[in-house]
Number of protein chains: 2
Amino acid sequence: MPQHEEVIITQPQKLIENFDSLHPTDIANSLRKIEKDSIDDFFFVLKKVPDELLGEVLLELPDNLRELAYEELSIKKLTDAVEELESDDQTDLILELEEIDEEKAKEIYDGLEEEDQKDIDWLKKYEEDEAGAYMQTELFSASLDETIGDSVKRLKEAKESDELENIHQVFVIDENRILIASILLEDLIIFDFNKTYDEILRTDENKFKPFKVDDHEDIDNVAKQFEQYDLSVVAVTSYQGILMGRITSDDILDVIEENATEQMYQLAGVNDDFEHEDKLSTTAKKRALWLFLNLGTAILASLVIGIFDETIQAYVALAILMPIVASMGGNAGTQTLAVMVRQLALGDIELENAKDAVKKEVVISLINGFLFAVIMGIIAWLWFDTKLLGLVIAMSMVINLFSAGFFGAAIPLVLKRFDIDPAIGSTVLLTTVTDIVGFFSFLMLAKVILL
Amino acid sequence: MPQHEEVIITQPQKLIENFDSLHPTDIANSLRKIEKDSIDDFFFVLKKVPDELLGEVLLELPDNLRELAYEELSIKKLTDAVEELESDDQTDLILELEEIDEEKAKEIYDGLEEEDQKDIDWLKKYEEDEAGAYMQTELFSASLDETIGDSVKRLKEAKESDELENIHQVFVIDENRILIASILLEDLIIFDFNKTYDEILRTDENKFKPFKVDDHEDIDNVAKQFEQYDLSVVAVTSYQGILMGRITSDDILDVIEENATEQMYQLAGVNDDFEHEDKLSTTAKKRALWLFLNLGTAILASLVIGIFDETIQAYVALAILMPIVASMGGNAGTQTLAVMVRQLALGDIELENAKDAVKKEVVISLINGFLFAVIMGIIAWLWFDTKLLGLVIAMSMVINLFSAGFFGAAIPLVLKRFDIDPAIGSTVLLTTVTDIVGFFSFLMLAKVILL
């Protein structure tokens, strides 16, 4: 266990007494446990959470409890809690509140300071996947002609009034708020505090070049930047390079985790947005859409089988063996698909070097195609005591594993080329191919060779 | 595109001229492009990379190019490059070199300063998944009786000699190197530099409580801490709380990304460790292991079909329809499995609240079971003009989707209870269930109802 152990306190009175020494995450987790035993205790404790912690605690609660809290807490209490948050979190809370109770959301918004209102108005304009939606506007900036000492004095005041926290650097801006440089605190602290930023910057031009992203940049690309350049903070700029805010690594951790979840879910035909619904029928309905697509695929495959009904009637062994060919193709194809989708997402495979990737997958699937052709050929031969049946399944195994490798690699690439997320739909397309090729090759070969 | 655009320079001479203004990541990416055109140019440029950048550039190169570089670069050059790296990266490079050329690795190690050697010796002892293996020993620490001013002076010297970078806080330790507190630079910079750390700490005990993890802690748990508490750095301590090093968020980003990849691959039956092999036959062999397991499953399912060979001979429609039941079960089960595996990994589902999760999945799969029973029942009835055949497929659809939901939820939980990674093997187990239940229920019902 980590040495900073999670502190979970399930006794309401004891939790209240320890608020000051607890991390908001721990308070939220404790509240979760308390709610399981008694919703009254949950509300009782929640109402006692001090304003400066309440916003953070709310953010760490699971969605359903946060909604309960919105309903139960007074407008005054909620306003005070929102007031203490940073602009990005303020915006998230207000947006969420608007969905639940527009009236209440409006009253809370009206109770905020004008500056906070302006920030929220601005941040609300960004699309969900834009860098701007993830930035906080609170940051430490300084102008070129300011001395380091003066700016540090400002930082001190801002920190004492709880306006700023989690500061890694000072962003140096010109008179038009255009971002010039970013100086880490570790560099700042060792400079002569009497010098101006201009003087500092003249010493080394490249060193303080800021990492910045456009406010409309896709957040996934921002996350890639963090990974590639090992960043902990990035500046967000707007038109002409005006400094708008900053994005910190903790937000990026969430983005990466969520993207990975989304990708896994998409491959499996699950939509993350509808997995946390209270009504199971909504979740079921979303999943049914995917199953419906798969039903279409399965029926197509059945139609292929139907073409060969007389062949099957003559050789019932074919009915027994045919799922093996399709299943092996499906599994080999899924392997290829997972590798392609993931490496496309990570940028390890790009459209320009895609040929190599396809070649690789085809070679691998051919190697395994021949391997399992031999194995399954012998098994079928011995099982049904028919040498030619072994030959048929061996040949169709090679054909199906080859097409599994080829289409498993090609489908995500084609989707990507048409700007469709390769994780979406590729599984259905692939199963269609492996099922149809599997059943058709096996039954066709059987018809030709056995009959 | 991000405003800090990737700078790729593919002209060898031009790249060399711009080394100073480029990020090591950009140099590495440029070298990748150059190598595609000419390996000689690649080596030519590589040898010109200045020592202080070379180590970082090497780390950003893909594995195969890094190995080429190890072979081509002189011991002197490699030693100088390693010397410039931080301890965790030094250790990674030396470990990798040992695998390729033990002799060369030893000579490089011998050429390092004694302090670096000691760090490497220490870090090499950690298992791959332990926090210690991810920490760097370079950090900024101060003792209780030191004044802030004095420690900042030390920081300045350390930074000027390139010993320290990426500093977010000062770790305050006692005379036994036991970690007492962690003070962020944003707090430090506004304190009175004439005060000692002891004096500062006495003002607010809780505020500077350090986030720390044990050096043998599983790195996955450390990553969870980063996410839960929005950390950017964590201290790593050893026996009795002695400060050993620190882990920064950029390492954690990689851990999270790798874990997600591993999980996706495991569900698809791919082993990430063997996906980047030069020899495709090695990759094929690893994937074949999984296919072999699946072949066993498929044969089991075929044996089940075999029991009903006479029934199929009497009603060839059964052979045509039976893959539909199995396939729908497989897909519904995969949906459940993906959700369970992911939410177990993210900690959203725990063993203690597992019952709710299973219940949820069973309800969802029953809803969809009845939905598709109706749809498929009607289709089968109309297709083969046999009402009872529709009834048979409808009934088996409910049975198979129910078992898909139940086992899709239960299998990962059981694996987890026995401390087996739920992503490993759960897919094979699930397909076994859905195939066998699908074929058996359909054919058995057909035998009883139709014959």
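The values are calculated or read from the model by the stated rules, or taken from the named source; none is laboratory data. Values in this document were obtained by computation on a predicted structure and should not be read as measured data. In this analysis, Cβ positions are derived from the backbone assuming ideal geometry, glycine residues included, and neighbour counts consider all displayed protein chains. Side chains included, ligands, DNA and RNA excluded: accessible areas come from the protein's heavy atoms. Shrake-Rupley method; radii C 1.70, N 1.55, O 1.52, S 1.80 Å.
State which residue is nearest to A:Ile320 (Cα to Cα) when the search covers only the stretch B:381-437 and only residues that are of a type in the set (D, E, K, R) and part of a helix (DSSP H, G or I). Checking each candidate, the answer is B:Asp435.
The residue of the stretch A:111-136 that is farthest from A:Asp251 (Cα to Cα), among those that are in a helix (DSSP H, G or I) and open to solvent by 80 Å² or more (accessible area, probe 1.4 Å), is A:Glu114.
Considering the stretch A:422-431, the residues that are away from chain B (no Cβ under 11 Å) and open to solvent by less than 60 Å² (accessible area, probe 1.4 Å) include one that is farthest from the chain's Cα centre (by Cα), namely A:Leu430. Residue check: is A:Gly347 more than 27 Å from B:Thr432 (Cβ to Cβ) and within 37 Å of the chain's Cα centre (by Cα)? Spelling it out, A:Gly347 is indeed more than 27 Å from B:Thr432 (Cβ to Cβ) and within 37 Å of the chain's Cα centre (by Cα). Within the option set A:Asp215, A:Asp192, A:Asp204, being within 13 Å of chain B (Cβ to nearest Cβ), in contact with a Gly (Cβ under 8 Å, 6 or more places away or on another chain) and charged (D, E, K, R) holds for one residue only, A:Asp215. Of all residues in the stretch B:342-377, which are at the interface with chain A (Cβ under 8 Å from one of its Cβ atoms) and within 22 Å of A:Asn259 (Cα to Cα)? Result: B:Arg342, B:Leu346. Does at least one position in the stretch B:129-149 carry a residue that is more than 8 Å from every other protein chain (Cβ to nearest Cβ), more than 28 Å from B:Leu85 (Cβ to Cβ) and of a type in the set (Gly, Ala, Ser)? Yes, that holds for at least one residue. Annotation note: of A:Asp254, A:Asp214, A:Asp250, the sole residue that is touching a residue at least 12 places away in the same chain (Cβ under 8 Å) and not small (Gly, Ala, Ser) is A:Asp214.
Looking at the structure I just gave you, is B:Arg32 within 24 Å of B:Gly111 (Cα to Cα) and surrounded by fewer than 21 Cβ atoms within 10 Å (Cβ to Cβ)? For B:Arg32, the condition - within 24 Å of B:Gly111 (Cα to Cα) and surrounded by fewer than 21 Cβ atoms within 10 Å (Cβ to Cβ) - is not met.
There is no residue in the stretch A:19-27 that is more than 26 Å from B:Val222 (Cα to Cα), out of contact with any strand residue (DSSP E or B) (no Cβ under 9 Å at 6 or more places or on another chain), open to solvent by less than 30 Å² (accessible area, probe 1.4 Å) and not aromatic (Phe, Trp, Tyr).
Exactly one residue out of B:Asp356, B:Asp348 is of a type outside the set (A, V, I, L, M, F, W, C), surrounded by fewer than 23 Cβ atoms within 10 Å (Cβ to Cβ) and assigned to a helix (DSSP H, G or I), and it is B:Asp356. Where helices (runs of 4 or more DSSP H) fall entirely within the stretch B:144-222, those with at least 1 residues that are open to solvent by 60 Å² or more (accessible area, probe 1.4 Å) are at B:148-160, B:197-203. Kindly indicate whether B:Asn259 is surrounded by fewer than 19 Cβ atoms within 10 Å (Cβ to Cβ) and either at the interface with chain A (Cβ under 7 Å from one of its Cβ atoms) or within 30 Å of A:Thr25 (Cα to Cα) (or both). The answer is yes for B:Asn259. Set side by side, the residues A:Leu295, A:Leu289, A:Leu318 differ, and just one is over 30 Å from B:Lys36 (Cα atoms), in contact with a Ser or Thr (Cβ under 9 Å, 6 or more places away or on another chain), more than 7 Å from chain B (Cβ to nearest Cβ) and not acidic (Asp, Glu), which is A:Leu318. Restrict the check to the stretch A:394-402 and report whether at least one residue is open to solvent by less than 80 Å² (accessible area, probe 1.4 Å), in contact (Cβ under 8 Å) with a residue 12 or more places away in the chain and under 30 Å from A:Leu289 (Cα atoms). Yes, because at least one residue in the stretch A:394-402 is open to solvent by less than 80 Å² (accessible area, probe 1.4 Å), in contact (Cβ under 8 Å) with a residue 12 or more places away in the chain and under 30 Å from A:Leu289 (Cα atoms).
Screening A:Ala409, A:Ala446 for residues that are open to solvent by less than 10 Å² (accessible area, probe 1.4 Å), hydrophobic (A, V, I, L, M, F, W, C) and under 29 Å from A:Phe292 (Cα atoms) leaves exactly one candidate, A:Ala409.
Taken over the stretch A:156-201, residues that are closer than 24 Å to A:Ser238 by Cβ and out of contact with any His (no Cβ under 8 Å at 6 or more places or on another chain) amount to 24. The residues listed here are A:Gln240, A:Gln228; of these, the one that is polar (S, T, N, Q), over 28 Å from B:Lys224 (Cβ atoms) and in the same structural domain as A:Ile183 (by TED's automatic domain parsing) is A:Gln240.
Based on this model, can you work out whether A:Glu107 counts as of a type in the set (D, E, K, R) and without any contact (Cβ under 8 Å) to a residue 24 or more places away in the chain? Considered against the rule, which asks whether it is of a type in the set (D, E, K, R) and without any contact (Cβ under 8 Å) to a residue 24 or more places away in the chain, A:Glu107 comes out as no.
Among the candidates B:Val49, B:Val57, single out the residue that is surrounded by 19 or more Cβ atoms within 10 Å (Cβ to Cβ), among the β-branched types (Val, Ile, Thr) and closer than 17 Å to B:Asp92 by Cα. Sole residue among the options that is surrounded by 19 or more Cβ atoms within 10 Å (Cβ to Cβ), among the β-branched types (Val, Ile, Thr) and closer than 17 Å to B:Asp92 by Cα: B:Val57.
Looking at the stretch A:78-96 only, could you name the residues that are farther than 19 Å from A:Tyr134 by Cβ and open to solvent by less than 10 Å² (accessible area, probe 1.4 Å)? Across the stretch A:78-96, the qualifying residues are A:Leu78, A:Ala81.
For (1) modelled with pLDDT of 95 or more; (2) surrounded by fewer than 19 Cβ atoms within 10 Å (Cβ to Cβ); (3) not in a helix (DSSP H, G or I), each residue gets a yes or a no:
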site	(1), (2), (3)
B:Ile247	yes, no, yes
B:Tyr265	no, no, no
B:His276	no, yes, yes
B:Thr282	no, yes, no
B:Leu289	no, yes, no
B:Glu310	no, yes, no
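From the list A:Phe308, A:Phe274, the lone residue that is more than 8 Å from chain B (Cβ to nearest Cβ), over 30 Å from A:Asn64 (Cβ atoms) and not aliphatic (A, V, I, L, M) is A:Phe308.
Would it be correct to say that A:Leu280 is of a type outside the set (Asp, Glu) and within 8 Å of chain B (Cβ to nearest Cβ)? Criteria met by A:Leu280.
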